[in-house]
1. Are any residues in segment B:18-37 open to solvent by less than 40 Å² (accessible area, probe 1.4 Å) and either part of a loop (DSSP other than H, G, I, E, B) or not assigned by TED's automatic domain parsing to the domain that holds B:Glu89 (or both), and if so, which ones?
2. Given segment B:97-212, what strands (runs of 3 or more DSSP E) lie entirely inside it while holding 2 or more residues that are away from DNA strand D (no atom under 12 Å from the Cβ)?
3. Which members of segment B:29-55 meet the condition of being closer than 20 Å to A:Leu110 by Cα and touching a residue at least 60 places away in the same chain (Cβ under 8 Å)?
4. Identify the residue in segment B:154-210 that is among the hydrophobic types (A, V, I, L, M, F, W, C) and free of Cβ contacts under 8 Å to residues at least 40 places away in the same chain and, among all such residues, is farthest from DNA strand C (Cβ to nearest atom).
5. Within segment A:97-104, is there a residue that is in contact (Cβ under 8 Å) with a residue 12 or more places away in the chain and touching a Gly at 6+ places or on another chain (Cβ under 8 Å)?
6. Just the residues that are in a loop (DSSP other than H, G, I, E, B), open to solvent by 60 Å² or more (accessible area, probe 1.4 Å) and more than 7 Å from every other protein chain (Cβ to nearest Cβ), please, taken from segment B:38-64.
7. Scanning for something open to solvent by 40 Å² or more (accessible area, probe 1.4 Å) and at the interface with chain A (Cβ under 9 Å from one of its Cβ atoms), does segment B:112-123 turn up at least one residue?
8. For A:Leu103, only one of the following conditions fails: (1) at pLDDT below 95; (2) surrounded by fewer than 22 Cβ atoms within 10 Å (Cβ to Cβ); (3) not hydroxyl-bearing (Ser, Thr, Tyr). What is its number?
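The values are calculated or read from the model by the stated rules, or taken from the named source; none is laboratory data. Please read all numbers here as calculations on a predicted model, not as lab measurements. Ideal geometry is used to build each Cβ from the backbone, glycine not excepted, and the neighbour counts take in all protein chains shown. Keep in mind that these areas ignore ligands, DNA and RNA; they rest on the heavy atoms of the full protein, side chains included. Shrake-Rupley method; radii C 1.70, N 1.55, O 1.52, S 1.80 Å.
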Protein chains: 2
Amino acid sequence: MSQLEQIKYYRSFQAGQTVIWSGDRMEFVGSVVSGIATLTQTMEDGRRQMVGLLLPSDFVGRPGRPVAAFDVTATTDLVMCCFRKKPFEDLMTSTPHIAQRLLEMTLDELDAAREWMLLLGRKTAREKIASLISIIARREASLHMKRAKDMLSVDLPLTREEMADYLGLTLETVSRQISALKKDGVISLEGNRHVSIPDIDRLLEEAGDDSDGGMLV
Amino acid sequence: MSQLEQIKYYRSFQAGQTVIWSGDRMEFVGSVVSGIATLTQTMEDGRRQMVGLLLPSDFVGRPGRPVAAFDVTATTDLVMCCFRKKPFEDLMTSTPHIAQRLLEMTLDELDAAREWMLLLGRKTAREKIASLISIIARREASLHMKRAKDMLSVDLPLTREEMADYLGLTLETVSRQISALKKDGVISLEGNRHVSIPDIDRLLEEAGDDSDGGMLV
DNA sequence: GTTGCTCTTTGACCCAGATCAAGCGCGGGG
DNA sequence: CCCCGCGCTTGATCTGGGTCAAAGAGCAAC
């Protein structure tokens, strides 16, 4: 990786700032260092669908493709580690290991996208919300194993509207379903971003997931 | 590729036969030679979502993953060209070119999956049908350039129910929307599988696609 | 404190698409 | 030839989630 060290640089973005517009020439690839970014598509009439959520360590960009296919937006303050595209591609052809690692990551993303297709096409609003929370919880848990006793809790890194765009719902429906899950004791809220999960199995059941497949966002 | 020639073999499946069950050990990778296969997920209660449509030349399988994540089913009689997984993986590590080609294909599939997420999350039933027909038409056209004069026509390789599973609809809605598009002169039908498209731009407009992005299935 | 944001919740109503339920058309087998 | 089965269409009705509208809740600037 020492050759990569030589060509890398950092870029910072403020919350709300657009990193890349769909259709732009993409002169770099990189990965998220800190903060959260989203990958979205928008139709002419404004309908929007989030197609990916980029958390720290996630890769951005497509070696071999000149223009971006989706909008990338920072939803929190964001730091990215970037490599100019050309040198990165050269390095990739000369270092097979990198292409293989990238293939592995891309296959994981593809599986995640396909899991998401099931959610978008067939799950109810309640199941969608439960799925989103459990996925965020799983990622959080795998990162810093934060659990107070056996009570799992997470911060939702997205506004209600962003969740709606991710889940193929409206923000009102997201709000209503979160309220409903709270009323039914599946989750509890402190503020409107912090969620506690008294019983993770209950939540997974609400999500309609067949057992604990290794879905990742 | 001559090394690949040495380890390849063929498998045939009848229409309706399952190629691989989700969760099965996957002892081979391969690609479709002829016929059509689908990649589907099913929830315990039977709700089904198709997450991929495999046409000739499409790759099946995941180097580096022991079990299948989705059901693969032959919807027509199917011939696949297979490679036992272990030798293929060995070959991949020793032949960088293969990993790179595979990465390219996987990135294309990822883009297609993300396009499909927009369809599933945000498009209306009519737009979904129009999108499906235009995508099949585009693939057909790129394969054998079949067009009588300037009238494009395609055979739908799927039943109404399979289309419904692909689009996140019910088969009744699929049928109704196809009838509606026919009544409005956007398409015409001969039998219930063969579609003619008098005006491809009109169809693309109905699909809600922002211009002619290179979506592939 | 007040003003003015943005984000969120909640209510009332509506509609696209699901569900339930007949029928139709056509190809294969007796 | 008729019957049967399967894929498809069409109608009637229902409903989950969208739409429109109003109001609370933080919170930063003044």
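1. Answer for segment B:18-37, where residues must be open to solvent by less than 40 Å² (accessible area, probe 1.4 Å) and either part of a loop (DSSP other than H, G, I, E, B) or not assigned by TED's automatic domain parsing to the domain that holds B:Glu89 (or both): B:Met26, B:Gly35, B:Ile36.
2. Numbers: elements: B:151-155, B:188-190, B:194-197.
Because the criterion is at least 2 residues that are away from DNA strand D (no atom under 12 Å from the Cβ), the strands (runs of 3 or more DSSP E) in segment B:97-212 that meet it are B:151-155, B:194-197.
3. Step one: of segment B:29-55, the residues closer than 20 Å to A:Leu110 by Cα are B:29-32, B:37-43, B:48-55.
Within segment B:29-55, B:Thr38, B:Thr40, B:Arg48, B:Gln49, B:Met50, B:Val51, B:Gly52, B:Leu53, B:Leu55 meet the criteria.
4. Step one: list which residues in segment B:154-210 are among the hydrophobic types (A, V, I, L, M, F, W, C), which gives B:154, B:156, B:158, B:163-164, B:167, B:169, B:171, B:174, B:178, B:180-181, B:186-187, B:189, B:195, B:197, B:200, B:203-204, B:207.
Retained after the next criterion (residues that are free of Cβ contacts under 8 Å to residues at least 40 places away in the same chain): B:156, B:163-164, B:171, B:189.
On the way: B:Leu156: 16, B:Met163: 11, B:Ala164: 7, B:Leu171: 8, B:Leu189: 11 Å.
It comes out as B:Leu156.
5. There is no residue in segment A:97-104 that is in contact (Cβ under 8 Å) with a residue 12 or more places away in the chain and touching a Gly at 6+ places or on another chain (Cβ under 8 Å).
6. Result: B:Asp45, B:Ser57.
7. First, pick out the residues of segment B:112-123 that are open to solvent by 40 Å² or more (accessible area, probe 1.4 Å): B:115, B:122.
Still in the list and also at the interface with chain A (Cβ under 9 Å from one of its Cβ atoms): B:115, B:122.
There is at least one residue in segment B:112-123 that is open to solvent by 40 Å² or more (accessible area, probe 1.4 Å) and at the interface with chain A (Cβ under 9 Å from one of its Cβ atoms).
8. (2)
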